[in-house]
Amino acid sequence: MSNRMWGGRFAEGPDAIMEEINASIDFDRKLYKQDIDGSKAHVRMLAEKDIVTRDDADKIVQGLDTILSEIESGKFKFSRALEDIHMNIEARLAELIGPAAGRLHTARSRNDQVATDFRLWVRDTLDTLDDQLGELMQALAEKAETHAADVMPGFTHLQSAQPVTFGHHMLAYVEMFGRDRGRVRDARKRMNECPLGAAALAGTSFPIDRHMTAKALGFDRPSANSLDAVSDRDFVIEALATASLTAMHLSRLAEEIVIWCSAQFGFVKLSDKFSTGSSIMPQKKNPDAAELVRAKSGRIYGSLQALLVMMKGLPLAYSKDMQEDKEQAFDGLASVSLALAAMTGMIRDLEPVTKALKKAAGSGYSTATDLADWLVRVLGLPFRDAHHVTGRIVAIAVEKGIELHKVSLEEMQAVEPKITNEIFQVLSVDKSVRSRTSYGGTSPVNVRKQARRWLKELAKA
Ligand code: ARG
């Protein structure tokens, strides 16, 4: 039997393989709510414009509400032969209300219908990601405030560089996720145009009111070009691009957690809730959640890549290729959402081991820059000379296998006779971080201020 919805000119039904490659119902059923909302807005507008009778529109709206509850209670029978969510719902509507169902598809096509449904879904998802980013930022900013004065080693090249505070490190991620949140909001704003009424590609001769449907569905305006409306997938690609950046940030933080909670570093304790054991090594506590967050970035970037490649060769307007956007987007966006939730849980429970952090902060000659700065500030040496003098003192410490503050005054004076006892004050890590008061620097005063600024901002939005 040929397809009821479009089979007028067909003598034969599709091959089984054709049905398998063509049907999207197995995944686009996720869009049922958006499809029903879109149809209700559409038919109400058709009635308002006297394109269908009020009576038919009422029947259609009631039928759609019945279908919604059938789907939500698990009673709805999805059929592959009916290809996608749009035709599954319309076919059921015909069973429920008879011939009036056939009027719903006036002045629209599945092309503008799917574009509308998917936009609504992506929009909701962006709103969820916005909230989730806010929760993660909150957890990080709270940790930052608590540990504003706890020192830890700051790294470059993963080599001890200068002491920083744990709070400062947490706030670096708040900045990153704050930018991600800004990108989510920008993407939402840009995508909030309604394709409904673009019909197949050229618009329609019916006197529809696209502003009315746009408004009913919470869009800012109808999209201005019907060809673009049905063939644009920027909105989901942009969502995946922002998700990819978030995934990259999450992965960097996850990587740090993996390193930090190793026995060799011992910088943080991860809660049992976000760790697992080993089936053979009883002593193990593995940071699986962090590892999986790190790994999720791969599939999220993969979704972005898949959609970019899928779209790049498509002539205007709609092509069936575009049906492939959904599984990728569902997977990529669900992955970033799960990764955000897992990271938020880990951060909330994360306990920095302040003693170990402090000890590590002082190792690796991390206050060498403070020594050089002192030579500049107090003795008036040019920075380049101070750098050289400090380098020679570090060499003594390396040679003797001791930390910088254990080098004796006499040994330092052998390198630069003007050095006094005062030098030992700047060699402590606490003094070092306290002195970094330049805007954006790691001093506890700065960190506390920045953490509070963020917490205040997060309470607003
Ligand atoms: N299932 C299709 C999709 O996801 C709906 C649009 C089909 N349009 C068409 N002209 N065959 O893209």
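The values are calculated or read from the model by the stated rules, or taken from the named source; none is laboratory data. Keep in mind that this is a model prediction, so the values were computed, not measured. We place every Cβ from the backbone using ideal geometry, glycine too, and count neighbours over all the protein chains shown. Heavy atoms of the whole protein, side chains included, go into the accessibility calculation; ligands, DNA and RNA do not. Shrake-Rupley method; radii C 1.70, N 1.55, O 1.52, S 1.80 Å.
Before moving on, here are some points about what is shown:
- Near Arg92, once Lys and Arg are set to +1 and Asp and Glu to -1 for all other residues with Cβ below 11 Å from its Cβ, the sum equals -1.
- In a simple Cβ point-charge model (Lys, Arg +1; Asp, Glu -1; nothing else charged), the chain has a dipole of about 1220 debye relative to its Cα centre.
- Radius 14 Å from Cβ of Phe155, net charge of other residues (Lys, Arg +1; Asp, Glu -1): -1
- Part-to-part distance (alpha-carbon centres) for region 400-461 and region 40-66, which is given in Å: 70
- Cα-Cα over 24 Å, subset of Lys269/Lys456; Lys143/Lys269; Lys296/Lys358; Lys189/Lys460: Lys269/Lys456; Lys296/Lys358
- What the phi angles of region 450-456 give under the Karplus curve with 6.51, -1.76 and 1.60, with θ = phi - 60°, is a coupling list of 5, 4, 5, 4, 5, 4, 5 Hz, glycine and proline written as x.
- Solvent-accessible surface ranking, highest first, for Glu291, Glu83 at 1.4 angstrom: Glu291, Glu83
- Amide proton proximity set for Ala161, modelled H, under 5 Å, gap of 5+: Gly154, Phe155, Thr156
- Net dipole in debye of region 337-390 [+1 Lys, Arg Cβ; -1 Asp, Glu Cβ; about Cα centre; nearest 20]: 100
- A 1.4 Å probe, protein heavy atoms only, puts the accessible area of Ser443 near 0 Å².
- Gyration tensor verdict on the chain (Cα atoms; rounded if a/c is under 1.5, prolate if a/b is larger than b/c, oblate otherwise): prolate
- DSSP-loop trypsin sites (Lys or Arg not before Pro) across region 377-461, with at most 16 other Cβ within 10 angstrom: Lys418
- Accessible surface, 1.4 Å probe, highest first, among residues Arg252, Arg108, Arg9, Arg183: Arg9, Arg252, Arg183, Arg108
- Structure-based [θ]222 nm, the chain - -39500 (n - 2.57) summed over DSSP H runs of at least 4, per residue, nearest 500: -20500 deg cm²/dmol
- Taking a sphere under 15 Å around the Cβ of Ala414 and counting the other residues whose Cβ falls inside, with K and R at +1 and D and E at -1, yields a net charge of -1.
- Charge dipole (the chain, unit charges on Cβ, about Cα centre) - positive-most of Gly364, Gly134, Ala334: Gly364
- Ordered by solvent-accessible area of protein heavy atoms (1.4 Å probe), largest first, the residues Met152, Met5 come out as Met5, Met152.
- Surface accessible to a 1.4 Å probe, Asp65 within the full protein complex, Å²: 60
- Residue (of Ile60, Val376, Gly102) at the positive-pole extreme of the chain, dipole from beta-carbon charges: Val376
- Within straight-line cross-link reach of Lys59, lysines at Cα separation under 24 Å, skipping those fewer than 8 residues along the same chain: Lys33, Lys40, Lys49, Lys75, Lys77, Lys215
- Kirkwood Rh and Cα Rg combined as Rg/Rh, region 314-424: 1.45
- Under Karplus coefficients 6.51, -1.76 and 1.60, residue-wise ³J(HN,Hα) of region 434-449 in Hz, glycine/proline x: 5, 7, 7, 9, 4, 3, x, x, 8, 4, x, 4, 4, 4, 4, 4
- At 1.567 mPa s and 4 °C, Stokes diffusion of region 66-202 via Kirkwood alpha-carbon radius, µm² per second: 67
- Eligible aspartates and glutamates near Lys359 by straight Cα distance, threshold 12 Å, same-chain separation 8 or greater: Asp150, Glu403, Asp430
- Selection from Thr204, Ser319, His387, by position along the positive dipole direction of the chain (Cβ): His387
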